[in-house]
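The values are calculated or read from the model by the stated rules, or taken from the named source; none is laboratory data. The structure displayed is predicted, hence computed values, not measured ones. Using ideal geometry, Cβ is built from the backbone for each residue, glycine included, and neighbour counts are taken over all protein chains shown.
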Amino acid sequence: MSQFFSQAILIAAVAGGIRLAVPLLLAALGETYGQRSGVLNLGVDGVMLLGAFGGYFTVLELGNVWLGLVVGVGIGAILGLATAFISVTLGAEQGISGIGVYLFGLGMSDLLFQKLVGTPLPIESFPKVPLPGLSSIPVVGEMLFQHSLVVYAAFLLVPISTFVINRTTFGMNIRAVGENPEAADSVGISVARVRYATVLIGGILAGVAGAALAIDLGIFQQNLTNAQGFIAVALVYFGAWRPLGVMGGALLYGMVNSIVLQLKTLGIIPRSWSDIAAMAPAVITILALVLVARRFRQPAALAKPFVRET
């Protein structure tokens with residue numbers, strides 16, 4: 001066990017935890033926008049899976065990781081609009097419709113993979129971009145400032161999202177619609193327009209999260225996300241519908257996951273325990289969710305369709 005506490009292993013564990021947190025952070029930030037406006041999207045994992053395949057296949061065929069991310073954006077936008085149409089325009093029960101989107105993404109991503117690729121083939125991953133000056137700081141620089149641009153962008157979205165939700169007119173409208181859509185509608189705020197916008201943002205970020213996951217791993221396989229989309233939805237509750245809290249939850253999951261992987265690599269965790277150890281990140285995240293989320297109130301109109309009175 002003492003070998004785990006060597007400087008090299010600790011640096012690798014922290015850096016790996018940050019990297020593993022990124023797909024969860026992106027998807028959970030997107031879901032935060034939707035839930036703050038009153039829309040619960042349980043289809044996040046399905047969007048991530050299709051975004052992952054789209055990003056992977058693009059890089060496999062064209063060799064450009066940034067085009068892979070763009071494809072993830074497009075897939076996420078299409079599925080986001082479809083989800084908004086079902087949940088907002090049609091007023092369908094959001095939990096059931098979200099599961100439908102998830103099952104569609106799970107099945108379609110596997111079908112496309114089997115038909116277009118067949119066997120897992122490695123692809124190019126994101127290049128690391130050390131930040132000048134900061135990356136040369138001993139220990140800290142290696143942990144925090146030697147990542148890809150996607151990692152930096154994901155964490156930069158946290159203060160941006162905080163500002164948008166709390167300090168802009170758009171954010172005020174989101175909060176108003178999520179708390180009391182009837183009152184928001186009475187003062188001229190379009191509930192449907194706001195909810196369409198937030199679900200679209202959530203879809204785009206989920207698509208990017210999936211593409212980033214596949215490209216970062218450099219591979220695609222069936223059910224690549226391993227239910228990370230559902231963890232992302234839970235992290236919104238963990239973070240009390242605040243971007244900073246969501247980031248904390250994503251880092252917790254990523255760090256625990258990274259530590260478990262390091263312990264397995266070093267042989268500290270026996271192979272017979274590997275399946276149990278793999279559950280640790282999700283179990284710890286759920287326990288933290290139970291302890292933290294119960295102290296905060298969810299948006300009053302969450303998962304409640306709005307029907308405008310005529």
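For the range 29-65, a tally of residues being under 12 Å from the mean Cα position of the chain (by Cα) and of a type in the set (D, E, K, R) returns 2.
In this entry, Gly95 is excluded by the filter for residues that are surrounded by 24 or more Cβ atoms within 10 Å (Cβ to Cβ) and within 30 Å of Gly245 (Cβ to Cβ).
Scanning the range 170-205 for residues that are surrounded by fewer than 19 Cβ atoms within 10 Å (Cβ to Cβ) and among the β-branched types (Val, Ile, Thr) turns up Val187, Ile189. The requirement of being outside any helix (DSSP H, G or I), out of contact with any Pro (no Cβ under 8 Å at 6 or more places or on another chain) and without any contact (Cβ under 8 Å) to a residue 60 or more places away in the chain is fulfilled nowhere in the range 65-85; no residue meets it. Considering Ala154, Ala212, Ala206, Ala197, the condition of being under 21 Å from Leu25 (Cβ atoms), in contact with a Leu (Cβ under 6 Å, 6 or more places away or on another chain) and either assigned to a helix (DSSP H, G or I) or free of Cβ contacts under 8 Å to residues at least 12 places away in the same chain (or both) is satisfied by Ala154 alone. Met143 falls short on exactly one of the conditions (1) buried (at least 16 other Cβ atoms within 10 Å of the Cβ); (2) under 17 Å from Ala211 (Cβ atoms), and that condition is (2). The set of residues in the range 161-175 that are of a type outside the set (Ser, Thr, Tyr) and either under 21 Å from the mean Cα position of the chain (by Cα) or within 19 Å of Glu31 (Cβ to Cβ) (or both) comprises Phe163, Val164, Ile165, Asn166, Phe170, Gly171, Asn173, Ile174, Arg175. Evaluating Gly188 against the criteria (1) modelled with pLDDT under 95; (2) closer than 17 Å to Trp241 by Cα; (3) small (Gly, Ala, Ser) leaves one unmet condition, (2). For the range 39-64, the set of residues classified as assigned to a helix (DSSP H, G or I) and hydrophobic (A, V, I, L, M, F, W, C) consists of Val44, Val47, Met48, Leu49, Leu50, Ala52, Phe53, Phe57, Val59, Leu60, Leu62, listed by residue number.
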